[in-house]
Amino acid sequence: MGVPEVLQPPLSLRILAAYRRFIRWLTSARVLLALILLVMMVYLILVPLYRMVETTVTYQERDVLAVPDAVPGQLTAYHWVRMLASRVSRVFLYAPLQHSLVVATGATLLAMFIGSVLAWLVIRTDMPGRHLVNNLATIPYIMPSWTIAMAWKVMFNTRVAGGTPGLLEYLIGRPIPTWLAYGPIPIIISSALHYYTFFFLFVSAALMSIDSNLEDAAELAGASRSRILRRITFPLVLPALLSGFIMTFSKVMGTFGGPNVLGTPVRYYVIATMIRSSVAIGEFADGFVLAIVLILFTIVTIYINQRLIGTRKSYETIGGRGFVAHVARLGPWRKVLAAGVIVFQVLVIALPLGLLAYDTFMLHPGNYSLSNFTLHYWIGKSDINIANGTPGVLRNPKIYSSAWNSIRLSLATAFFTALLGVILGYAIVKGRGTRLSKLVEQISFIPYVIPGIAFGAVYISMFSKRVGPIPPLYGTFALLVIVSVAKHIPYSARSGVSAMLQVGRELEEAGQMAGANLWQRFKRIIFPLTSAGFVSGFLLTFITTMRELSLIILLVTPATQVLSSQTMRYTENGDTQMANAVILILITLVLIGNFIIGRFRGGSLKKGLGM
Amino acid sequence: MGTTITIKNLTKRFGDVVAVNNVSLAIEAGTFLTLLGPSGCGKTTLLRCVAGLEDPDEGEIYIGDRLVFSRARGISVPAGQRDIGLVFQNYALWPHMTVYKNMSFALEIRKLPKAEIDKRVKESLAEVKMLGYENRYPREMSGGQQQRIALARMLAYRPKVFLMDEPLSNLDARLRMDMRAELKRLHYVAGATTIYVTHDQVEALTMSSLIAVMKDGVLQQVDTPDRVYRCPSNLFVADFIGNPKVNLLEGVVDGQGCVDLGEFKVAMDTQGVEGKVVLAIRPEDIAVYTEPTPGTVKFTVYSVLPSGADSTIVARTGEREVTIRVPGISPIKMDDSVWLKFDPQVINLYDGATGNLVAVRKV
Ligand SMILES: Nc1ncnc2c1ncn2[C@@H]1O[C@H](COP(=O)(O)OP(=O)(O)O)[C@@H](O)[C@H]1O
Ligand SMILES: [Mg+2]
């Protein structure tokens, strides 16, 4: 063909060539971004984890009090032995762990039942009002997870456990049994009524994506209805159930709010509340051991589920967008059933809100008569005889500053999370198949397996001291933003990847051919094309951050108080009416946010959950 | 106007897959070169290497005298600086930009004055007969219109080299015919050196000044369309080009100036050839007689497939089946006897073991 061979150049040129190739590799868009992200994630995720583990295996300053010959900083199994195999292990670790498992399992199963039944009714039956049921199903989830717990307390509180009587006890005039007022049963029920949304969304997506042809084929083959449900539908929905299980279980394991409201008063501790009390009294190492145990349990759960799901990783891959041919006919009962379902849903939303609101108007706790009506907790001036002189929430500058903190924390977190999502998506998708891309993707997943309270704990250990150029951030507002963004990394990575996959590599390459540099490509092609995902990711993160508690409860200080931590503070001080008023303000802000989401096309809770 | 492109020993691997294997090509200025081969043979990868979207693992690429890629020297000029235009298989028009914005993008990046940008956009739109569509969004146009805009977007910044990756594969058959003529004309007017990728041999034969046939990342033959059709350099190329397919008849050289095919023998010049061979004869090169004629072999008609301008006849003798093409509508019917003449002048002879061409047809 008249093309001469390429000649082998001398060594010096070969070294120069290798150097040039390395520089080009290093400065190529995907590598550069991946490396920056990697450094950032190592710093935000891996280093804190390492520091946490390190703390548990070295003597701390305060250990000198308990162990006279302890040398702070020296390697020791002291904390682990103390927590796992000593007189106090039962109280500090095993009982709370058992409680956590009971609560998480119970809440997950109950949520699964409620969510799946509702999903089936909405997607696969001719029940009227399905659209309404569908819309109502997401509302409990956007409210703070401990809303129902607080309302439960208003309803079922009892003098027996040392509190003031709740509405029910007031009305019937007899004491309510403690098991109904506090402990595992109320925690399970109140958590399940919050988390059933996960199952509802997962299962209805799965039911929708199942190609009805599969069922038609079975019916043609002569299978009965129940057999089809058992042999075809159920196995196809199973991955969705398992995904919902992982998500709910690990969330409940790491949830602080509900157990703190309904468990702590009767000394029913779970791991999350135990971590909090250890940290509160300065026993960081103890708290970290508990956090590590919590993380390990979550990882094991996820691992087992992943094994069960096996090769059928995602229900999304089953068949196309089959339209629903089989709609189960519910017969004459369909209207009654619909009414029942909708009443249930409305009650789960409206009753708690009503109870909370009612309670805020009661001057003396435990007295629910109209003569006790007051607006003091909302607009009253400071009165030394009521709530230690705390003014009504709408007059209280502390509440305004908390609300402002909540809003700016949510805005900042939402912005950085959405931005990070696009960049993560770019680095992961562009590098598909390379080890660097896999590494970025894997590390980005880690926060997913770390329950909220444990993640917060990780950050105490990291940012209480100066690390390299970064000053100690403990107690700052910036730390709250950082921890919230870091915890959202798995979701932003997933939604970023799916947004990038939709953009398709040719669109960016066409920009490359046109001579656009990386910044020009991002500005003019990638950002505009992923903007819908950016906006919905932004709004959803805004909401989830607004009502986040477990993650930041260990990190807030009086100066950085947000609304969610403020309600907990009032609850713990026994200022129930104030707490309830604050949570109502918080819910109002969240609902406004949710309303705004509804206005944006393409924004949906589903997308925000990375489904 | 165009420029030469020289590719030396180019290799690109994806893990264990060698997508492009030691490919060397010298393309003269103004050439319309088609990369032809079955799906997955590495055409797109080779094109992307030239474009600068993919860094090869070995070899060098020159555009004109300019070295744009050299593994050995560690050089790789970014895609945007190679003065190359690329039309993507799926067009890759930016969906959030109007036609005008799509086209002015590259010009804005090059910091051309507004008036000049406007002029060039209008000119390029005129060239693809799409004036008046400036304010449309890609989704508001048909596939054929999008395809024209994709071309115009490339024309607007006047690259010296055009690269096109199966640009017509998403169009319906009719539109494809029209666009072939348009594209050929466009190349003729612009004179830019063009590398055109297709798996459609008809497209390759009709449009190219040079065809490069690829298989499994390896170049098989680089030749004019006529030579690729008449003298395929190996059995793969022979089999790939032509519709209906070439007849490949396996046989053995019998040492007496004949190839023994089992059912019959074909006398031909087999000098220097031994052992197993394959005869290749195009369907239109087999002469058909309806009466016994000297030097023919008797076959029975298995099926007749008329298609207007010509008819395809499938005939058999024993296990041996051949395809024949005759002009017009043939009076021959199924199960008729026909006598076929295999003229050694129009037969290519291939080595049975290597599949390489060993004796070329005389006419
Ligand atoms: N980005 C990639 N990663 C891995 N393998 C690839 C990639 N691109 C192409 N290949 C592989 O390289 C081979 C050639 O692909 P391609 O150049 O697209 O072929 P063609 O365009 O001729 O159909 C195929 O086996 C394909 O699977
Ligand atoms: Mg291709």
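The values are calculated or read from the model by the stated rules, or taken from the named source; none is laboratory data. What you are looking at is a predicted structure, and each value in this text was computed from that prediction instead of being measured. We place every Cβ from the backbone using ideal geometry, glycine too, and count neighbours over all the protein chains shown. What goes into the accessible areas is simple: the full protein's heavy atoms, side chains included, and nothing from ligands, DNA or RNA. Shrake-Rupley method; radii C 1.70, N 1.55, O 1.52, S 1.80 Å.
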Residues of segment A:79-98 being among the hydroxyl-bearing types (S, T, Y) and either open to solvent by less than 20 Å² (accessible area, probe 1.4 Å) or in contact (Cβ under 8 Å) with a residue 60 or more places away in the chain (or both), in sequence order, are A:S89
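Each row is one residue, and each column tells you yes or no for (1) within 13 Å of ligand 2 (Cβ to nearest atom); (2) away from chain A (no Cβ under 14 Å); (3) open to solvent by 10 Å² or more (accessible area, probe 1.4 Å).
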| residue | (1), (2), (3) |
| --- | --- |
| B:T4 | no, no, yes |
| B:L10 | no, no, no |
| B:G15 | no, no, yes |
| B:N22 | no, no, yes |
| B:A29 | no, yes, yes |
| B:L35 | yes, yes, no |
Apart from one, (1) farther than 23 Å from A:V348 by Cβ; (2) at pLDDT 80 or above; (3) not in a helix (DSSP H, G or I) all hold for A:I176; the odd one out is (1)
Within segment B:159-188, restricting to residues that are within 21 Å of A:M513 (Cβ to Cβ) and assigned to a loop (DSSP other than H, G, I, E, B), the one that is farthest from ligand 1 (Cβ to nearest atom) is B:K160
Please indicate, with yes or no, whether at least one residue in segment A:225-241 is touching a helix residue (DSSP H, G or I) at 6+ places or on another chain (Cβ under 6 Å), outside the structural domain of A:I553 (by TED's automatic domain parsing) and open to solvent by 30 Å² or more (accessible area, probe 1.4 Å). yes
Among the residues of segment B:247-280, the number that are without any contact (Cβ under 8 Å) to a residue 24 or more places away in the chain and of a type in the set (D, E, K, R) is 4
Q) In this structure, is B:T44 under 30 Å from B:Y133 (Cβ atoms) and among the β-branched types (V, I, T)? A) yes
By residue number, the members of segment A:423-433 that are open to solvent by 10 Å² or more (accessible area, probe 1.4 Å) and touching a residue at least 24 places away in the same chain (Cβ under 8 Å) are A:I423, A:V429, A:K430
Within segment A:586-599, the residues that are at pLDDT 90 or above and crowded, with 20+ Cβ neighbours inside 10 Å are A:L586, A:I587
Per the filter on segment B:236-276, residues among the aromatic types (F, W, Y) and open to solvent by less than 20 Å² (accessible area, probe 1.4 Å) are B:F264
When restricted to A:T541, A:T545, the only residue away from chain B (no Cβ under 14 Å), closer than 27 Å to A:T248 by Cβ and in contact with a His (Cβ under 7 Å, 6 or more places away or on another chain) is A:T541
Taking segment B:63-87 and keeping residues within 10 Å of another protein chain (Cβ to nearest Cβ) and open to solvent by 10 Å² or more (accessible area, probe 1.4 Å) leaves B:R71, B:A72, B:R73, B:I75, B:S76, B:P78, B:G80, B:Q81, B:D83, B:L86
Residues of segment B:37-58 being open to solvent by 10 Å² or more (accessible area, probe 1.4 Å) and away from ligand 2 (no atom under 16 Å from the Cβ), in sequence order, are B:G52, B:D55, B:D57, B:E58
The helices (runs of 4 or more DSSP H) lying wholly within segment A:452-537 that contain at least 3 residues that are more than 19 Å from A:S28 (Cα to Cα) are A:452-463, A:477-503
For B:Q220, the lone unmet condition from (1) modelled with pLDDT of 95 or more; (2) away from ligand 1 (no atom under 16 Å from the Cβ); (3) polar (S, T, N, Q) is (2)
Log entry, pairs with first residue in segment A:349-377 being on the phi > 0 side of the Ramachandran plot and modelled with pLDDT under 85, second being among the basic types (K, R) and loosely packed, with under 12 Cβ neighbours inside 10 Å, beta carbons closer than 8 Å, six or more apart or on different chains, reads none
Among helices (runs of 4 or more DSSP H) entirely within segment A:55-137, at least 2 residues that are at pLDDT 85 or above occur in A:78-84, A:95-124, A:130-136
The residue that is farthest from B:L86 (Cα to Cα), considering only those in segment A:489-517 that are more than 7 Å from chain B (Cβ to nearest Cβ), open to solvent by less than 50 Å² (accessible area, probe 1.4 Å) and hydrophobic (A, V, I, L, M, F, W, C), is A:I489
A:L75: passes all of (1) among the hydrophobic types (A, V, I, L, M, F, W, C); (2) away from every other protein chain (no Cβ under 14 Å); (3) open to solvent by less than 80 Å² (accessible area, probe 1.4 Å) but (3)
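Every residue, every condition in (1) surrounded by fewer than 18 Cβ atoms within 10 Å (Cβ to Cβ); (2) within 23 Å of B:D83 (Cα to Cα); (3) among the basic types (K, R), yes or no:
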{"site": "B:A156", "(1), (2), (3)": "no, yes, no"}
{"site": "B:P167", "(1), (2), (3)": "no, yes, no"}
{"site": "B:N170", "(1), (2), (3)": "yes, no, no"}
{"site": "B:T193", "(1), (2), (3)": "no, yes, no"}
{"site": "B:Q201", "(1), (2), (3)": "no, no, no"}
{"site": "B:V218", "(1), (2), (3)": "yes, no, no"}
Note on segment B:97-145: residues within 14 Å of chain A (Cβ to nearest Cβ) and exposed (fewer than 15 other Cβ atoms within 10 Å of the Cβ) are B:R110, B:K111, B:R139
Taking segment B:317-341 and keeping residues within 22 Å of B:D239 (Cα to Cα) and over 28 Å from the mean Cα position of the chain (by Cα) leaves B:T317, B:E319, B:R320, B:L340, B:K341
- Query: Can we say B:R185 is among the basic types (K, R), surrounded by 18 or more Cβ atoms within 10 Å (Cβ to Cβ) and away from chain A (no Cβ under 14 Å)?
  - Reply: no
